[in-house]
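Reading through the structure tokens given below for one structure.
Every number in this text was worked out from the coordinates using simple rules, so none of it is lab data. Just so it is clear, the structure is predicted and the values come from calculations on it, not from any experiment. Ideal geometry is used to build each Cβ from the backbone, glycine not excepted, and the neighbour counts take in all protein chains shown.
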Amino acid sequence: MEETKFYHALKIEEERCVGCTHCMTKCPTGAVRIRDGKASIRKDWCVDCGECLKACPTEAIYVEQDDFQKIFDYKARVVLVPTVFIGQFSKYKTEEEIFSALYELGFTHVYQVEFTADMIHREMLRQMEQAEEKPVISSFCPAIVRLIQVRFPALVDNILLVKSPVNATATYYHKVLEEDGFLSDEIGIFYVTPCAAKIAALKGAEGYSSTIKGVINMDTLYNKVYHILKNRPKDYKPECVLPPALTKKEMRWSQTGGEAKQFSGRCLAIDEIHNVIEFLERMETTTEVRNVDFLELRACDRSCAGGVLAVANRFLTAERVMKRSMKRDKAPLIYSDRIEALAYLKQHITIRPLEPNPKLKFEGNIEEVLSKMEQVRKLMCYLPGIDCGACGSPNCQALAEDIVRHEAQFSSCVFMQRNMEKHGKLDKEHAFRLIEKTWGKDRLNKDCYKKGAKYEGQ
């Protein structure tokens with residue numbers, strides 16, 4: 001089977017990185033190591049969940065995005081806005097205020113991402129009826145899709161093969177604009193993302209839409225819009241063309257429980273990636289989880305409201321979205337009159353089958369892998385099990401595996417260094433060089449300007 005290659009949006013700026021291990025200890029897939037005093041990410045294990053970015057105290061980890069000026073390469077400049085973007089604003093209440101600012105920035109069309117949620121719901125119902133294995137799993141969150149491909153490959157076939165709202169909506173409006181007379185290469189659709197995983201999915205090759213020409217980080221666009229809103233006169237009355245209104249179901253689709261509450265049977269909604277991993281591990285190892293029909297799994301706490309690129313507090317954002325949706329209680333479901341575009345979307349609302357891409361700890365045939373696993377167990381007899389991370393690996397188990405892969409040494413463990421020194425197997429100079437190999441030169445020198453020290457920030 002051909003290995004799936006993932007695109008990654010998370011990057012490390014080495015000049016800012018101080019090798020503090022915060023990212024390494026937070027990574028749910030154990031993809032981060034510290035080498036030469038800098039963090040590095042194993043691309044084949046990373047799922048772009050953004051936990052490392054949230055943990056980094058020096059802002060050395062960032063999310064790659066497209067240049068905003070790229071929108072002006074297109075005649076039709078379309079921005080796809082998720083509901084959580086509206087929820088970022090506490091002071092500015094109306095969609096007219098926010099959407100009019102987007103037009104001022106240069107966009108010619110403003111649409112809401114969740115507009116196609118109802119059609120996605122219908123396709124999910126169809127696939128669930130035909131599913132041979134339960135539970136079926138939502139494909140909404142790309143970080144979760146990658147997590148399953150990497151860490152729980154046996155569950156890949158349980159994932160529903162339906163486009164996420166951003167891809168479905170991009171497909172629909174691209175067709176609408178073509179019907180309105182725009183050439184395909186004149187249409188630039190840009191998505192406002194609350195997380196890194198959606199960038200990685202849109203630019204990767206996992207069966208997603210290719211109609212999106214660029215991605216704009218939510219925090220970046222928020223700052224641009226807020227600057228416009230803040231500098232408007234108090235008596236300013238915004239006027240702009242509003243996109244089709246969303247129903248309550250569509251507005252809540254990206255919130256925790258937004259999908260699960262739309263299906264009958266036993267449906268569970270689980271958010272925050274460590275919670276998801278714990279639940280999936282329980283599914284694998286126990287019979288406690290039985291007769292579950294549908295799983296809505298989201299990598300971020302409070303789902304997209306808690307995305308790493310969101311500016312506002314996730315709980316307040318979720319509350320604002322919910323309050324807005326309550327106003328749509330009696331709003332009828334308004335179907336588009338663009339019959340051809342809807343028919344086109346219906347034909348292109350699915351994604352191709354996903355392939356497992358298991359996180360291989362060791363290479364080789366079965367006998368070789370079993371031998372390496374036995375070596376790990378033998379090494380664990382000596383390692384202290386403290387999981388301090390001072391070796392540059394997340395924990396003692398990870399260090400043992402790194403040693404067997406020839407990516408680290410037994411003497412990388414500072415406790416083993418002391419033990420080897422005690423028995424005359426390692427001199428102090430060599431031990432110090434080993435520390436420098438992991439943490440970089442001069443790391444142990446006095447530094448009063450680092451975080452928490454006497455002259456921090458001066």
| request: Quick one: what are the phi-derived ³J(HN,Hα) couplings along segment 19-34, Karplus 6.51/-1.76/1.60 with θ = phi - 60°, whole Hz, x for glycine and proline? | output: x, 7, 6, 4, 5, 5, 6, 8, 4, x, 10, x, 8, 9, 10, 10
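Working out 0.36 nm times the residue gap between LYS361 and LYS237, then minus their Cα-Cα distance, what length gain in nm do you get to one decimal? Kindly include the intermediate steps, with their values, before the conclusion.
Values: separation 124, 0.36 × 124 = 44.64 nm, distance 5.95 nm.
Residue separation times 0.36 nm, minus the Cα-Cα distance, leaves 38.7 nm.
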| Expressed as a whole number of Å, what is the distance separating the alpha-carbon centroids of segment 204-271 and segment 112-168? | 19 Å
| In terms of Cα to Cα distance under 23 Å, which lysines are near enough to LYS230, apart from those fewer than 8 places away along the same chain? | LYS91, LYS93
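Between their Cα atoms, which of LYS70/LYS346; LYS234/LYS327; LYS134/LYS346 are more than 28 Å away from each other?
Working: LYS70/LYS346 30 Å; LYS234/LYS327 26 Å; LYS134/LYS346 24 Å.
With Cα atoms farther than 28 Å apart: LYS70/LYS346.
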| Relative contact order of segment 174-276, defined on C-alpha pairs under 8 angstrom at six or more residues apart (%) | 17 percent
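How much space per residue, in cubic angstrom, does the convex hull of the C-alpha atoms of segment 366-439 take up?
Numbers: hull volume 6.2 nm³, N = 74.
Roughly 84 Å³ of hull volume per residue.
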| request: Once every Cα of segment 73-138 carries one equal point scatterer and solvent is ignored, give the base-10 log of I(q)/I(0) from the Debye formula at q = 0.13, 0.18 Å⁻¹, two decimals. | output: -0.56, -0.77
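Which value, in debye to the nearest 20, gives the size of the charge dipole of the chain about its Cα centre, when Lys and Arg are +1 and Asp and Glu are -1 at the Cβ?
Numbers: 67 positive and 65 negative charges, 289 e Å.
The dipole of the chain has a size of about 1380 debye.
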| Candidate lysines for bridging to LYS425, where Cα separation is under 24 Å - those fewer than 8 sequence places away on the same chain excluded | LYS378, LYS437, LYS441
| Alpha-carbon radius of gyration plus Dmax, which is the widest Cα pair, for segment 118-181 in Å | 14.3, 46
| How long are the semi-axes of the ellipsoid equivalent to segment 239-312, from square roots of 5 times the Cα gyration tensor eigenvalues, in whole Å, largest first? | 30, 17, 6
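So how do 366-378, 258-270, 285-297, 75-87 stack up, highest first, on mean other-Cβ count within 10 Å? Kindly include the intermediate steps, with their values, before the conclusion.
Values: 366-378: 12.2, 258-270: 17.2, 285-297: 15.3, 75-87: 23.9.
Top of the packing list down: 75-87, 258-270, 285-297, 366-378.
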| note | Projecting the Cα atoms of ILE189, ALA170, VAL156 onto the charge dipole of segment 152-226, where Lys and Arg contribute +1 and Asp and Glu -1 at Cβ, the residue farthest towards the positive end is VAL156
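Treat every Asp and Glu Cβ in segment 201-264 as -1 and every Lys and Arg Cβ as +1, leave all other atoms uncharged, and give the resulting dipole magnitude about the Cα centre to the nearest 20 debye. Walk me through the numbers before you get to the answer.
Details: 11 positive and 6 negative charges, 46 e Å.
Taking the Cα centre of segment 201-264 as origin, the dipole is about 220 debye.
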| Is any residue of segment 68-83 close enough, with backbone N under 16 Å, to a label point placed 7 angstrom from the Cα of ASN223 along the Cα-Cβ axis, and if so, which? | 68-69
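Once the cut-off is 37 Å, how many percent of the Cα-Cα pairs in the chain end up in the long-distance tail? Display every interim value, and only then the final one.
Details: 35149 of 104653 pairs.
The proportion of pairs with Cα distances above 37 Å equals 34 percent.
Of the listed peptides 119-130, 402-413, what is their order by residue-averaged count of other C-beta atoms within 10 Å, with the highest listed first?
402-413, 119-130
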| Rounded to the nearest 20 Debye, what is the dipole magnitude of segment 349-413 about its Cα centre when Lys and Arg each give +1 and Asp and Glu each give -1 at the C-beta? | 120 debye
| task | Compute the distance in nm between two label points, each set 7 Å from the Cα along the Cα-to-Cβ direction, one at GLU14 and one at GLN397. | result | 3.1 nm
| query | If you take the beta carbon distance between PHE315 and TYR449 as r and set R0 to 51 Å, what does 1/(1 + (r/R0)^6) give as a FRET efficiency, to the nearest 0.05? | reply | 0.90
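Could you tell me the ratio Rg/Rh of segment 10-62? Both radii from Cα atoms, Rh via Kirkwood. Mind showing how you got there, number by number?
Numbers: Rg = 9.5 Å, Rh = 10.6 Å.
Answer for segment 10-62: 0.89.
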